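K.L.:
Have a look at this one before I ask anything.
The values are calculated or read from the model by the stated rules, or taken from the named source; none is laboratory data. The model shown is predicted, which means the values in this text are computed figures rather than measured ones. Glycine also receives a Cβ, built like all others from the backbone with ideal geometry; neighbour counts cover every protein chain displayed. Accessible surface is based on the protein model in full, side chains and every heavy atom, while ligands, DNA and RNA are left aside. Shrake-Rupley method; radii C 1.70, N 1.55, O 1.52, S 1.80 Å.
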Amino acid sequence: MTNTAITNDATQAPTRTVAAYAAPAANSPLRRTTVERRAVGEHDIVIDVRFSGICHSDIHQVGEDWGTGIFPMVPGHEIAGVVSETGPGVTKWKVGDRVGVGCFVDSCRECDNCVSGLQQYCTGGGMTPTYNGIGRDGRPTYGGYSAELVVDEGYALRIPDNLPLDAAAPLLCAGITLYSPLAHWGAGPGKKVAIVGLGGLGHMGVKIAHALGADVTVLSQSLRKREDGLKLGADDYRATSDPATFTELAGRFDLIVNTVSADLDLSAYLGLLRVDGTMVQVGAPEKPVTVNAHALLTGRRSLAGSMIGGLPETQEMLDFCGEHGIAAEIELIGADRINEAYERVLAGDVRYRFVIDAATI
Ligand code: NAP
Ligand code: ZN
């Protein structure tokens, strides 16, 4: 995996050939291949990828749900591994360190948002996504469904020693995507929080909101996963298929985090907020959503959005999870089962995150 080759592309820069699983074209099944990564630069580290989570966003992007993708596409932005090489200028890491990489591998580093640690909202050209993007070197980025990653040292995060790498991998996206809004909107003691959808993101939301001290309710399509939800830390668990849920819980929550990408009646959910409550959209639907303005104005309610988290907050989340012994509930799979896992995620048949054992790539 470490042979160095010369590329045929315009940059003519030396590269590193790495085994990976890629979708060759939009909507096509993933299969084993190799990709060319950049050679280790001054401030780069090489990560021996050990585990890579399967986020629903991977499926959205392979399916071009959000727009045209770059193919071949190697998805994966929930990456956990061990540093195996360091560039000559690297100061932050040494070989053997346990590290993670999330949804972005670079940003402009100069705009106000980057400077204040909100790299996910970089205004200097936007964050460079871990895959399905173009890096500083002009090459496509390739994600974590691969044996190795070459990344700038500043864009890797430390994984606490007490967290197993496989169950920690999903923290790099699902974990931070829930931690950030929960922290920003003050989930904690005395606050009533609802998590909509008990999937990969949702189950992390229940664990984190509970650890923050909030009173947590799961709003799921049915009561099928109720027992799991309560074990994960929920205080209450309601089915949204039951109209009584929307009358009984009306005006109850300070904060609702919606992880669902399907077309929900957001106005009905807004009615569950108390005065000044906020509903944060983290699920990413393909189409614009509609809301009834009355659902907002009758309670001075807010509808907000939130996208992953910046580097400092992602480290804060990992440390928080380390202190509280929080990681994802996972089903570990070999890489030959990625396509099957995609089908199962789409069918809602996952408890609660598939994680690829990168040794099988
Ligand atoms: P997931 O594991 O598939 O979970 C989604 C959950 O939504 C399901 O478990 C299900 O929960 C619920 N659901 C599914 N279909 C539904 C329907 N038709 N009606 C109502 N509820 C439905 O997906 P995920 O990985 O958690 O990702 C969720 C969404 O967040 C995706 O759109 C993903 O792209 C997005 N995302 C956003 C960010 C961000 O930064 N904002 C980051 C990562 C992912 P129940 O069975 O409990 O109802
Ligand atoms: Zn994700």
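K.L.:
Quick one: with all protein chains in place, what share of the accessible area of the chain is carbon or sulfur, to the nearest percent (1.4 Å probe)? Display every interim value, and only then the final one.
P.N.:
Numbers: 7470 of 14880 Å².
On the chain, the fraction of accessible area on carbon and sulfur atoms equals 50 percent.
K.L.:
Moving on to the next point. Using the crude model of +1 on Lys and Arg Cβ and -1 on Asp and Glu Cβ, and no other charge, please compute the dipole size for the chain relative to its Cα centre, in debye to 20.
P.N.:
It comes to approximately 400 debye.
K.L.:
Starting from the Cα gyration tensor of the stretch 4-112, take the square roots of the eigenvalues, sort them a ≥ b ≥ c, and report rounded, prolate or oblate (rounded when a/c is under 1.5, otherwise prolate if a/b is larger than b/c, else oblate).
P.N.:
The shape class here is prolate.
K.L.:
Run the reach check for K231 against lysines, Cα to Cα strictly under 25 Å, same-chain hits fewer than 8 apart removed. What comes back?
P.N.:
K191, K192, K207
K.L.:
Cβ neighbours within 10 Å, averaged per peptide: list 98-105, 149-156, 305-312, 203-210 in order, most packed at the top.
P.N.:
Working: 98-105: 25.2, 149-156: 22.1, 305-312: 19.1, 203-210: 28.1.
Ranked by mean Cβ neighbours within 10 Å, highest first: 203-210, 98-105, 149-156, 305-312.
K.L.:
Now a separate question. Among all the aspartates and glutamates, which ones have a C-alpha under 20 Å from K225's C-alpha, if same-chain residues fewer than 8 places away are not counted?
P.N.:
D215, D235, D236, D242, E329, E331, E343, D349
K.L.:
In whole percent, what relative contact order does the chain give with Cα contacts below 8 Å and a gap of six or more residues?
P.N.:
Values: 871 pairs, mean separation 61.8, N = 361.
Relative contact order here is 17 percent.
K.L.:
A further question on this structure: Counting each DSSP H run of 4 or more residues in the chain as -39500 (n - 2.57), what helix-only mean residue ellipticity at 222 nm follows after dividing by all residues, to the nearest 500 deg cm²/dmol?
P.N.:
Mean residue ellipticity, 222 nm, calculated: -6000 deg cm²/dmol.
K.L.:
Hey, another quick one. Per residue, how much accessible area does the stretch 174-305 show when a 1.4 Å probe rolls over the protein heavy atoms, in square angstrom?
P.N.:
Dividing the accessible area of the stretch 174-305 by its residue count gives 43 Å².
K.L.:
Considering every pair of different Cα atoms, what Kirkwood radius, in Å, is found for the chain?
P.N.:
One decimal place: 20.8 Å for the Kirkwood radius.
K.L.:
Highest first, please rank the peptides 285-292, 217-224, 163-170 by the mean number of other Cβ atoms sitting within 10 Å of their residues.
P.N.:
Highest to lowest by the protection proxy: 163-170, 217-224, 285-292.
K.L.:
If you take the charge dipole of the chain about its Cα centre, with +1 on Lys and Arg Cβ and -1 on Asp and Glu Cβ, which of A25, V62, G251 is farthest toward its positive end?
P.N.:
Checking the options against the dipole of the chain, the answer is G251.
K.L.:
If each residue of separation counts as 0.36 nm, what is the full-extension length gain between F71 and T247 once their alpha-carbon separation is subtracted?
P.N.:
Answer, rounded to one decimal: 58.7 nm.
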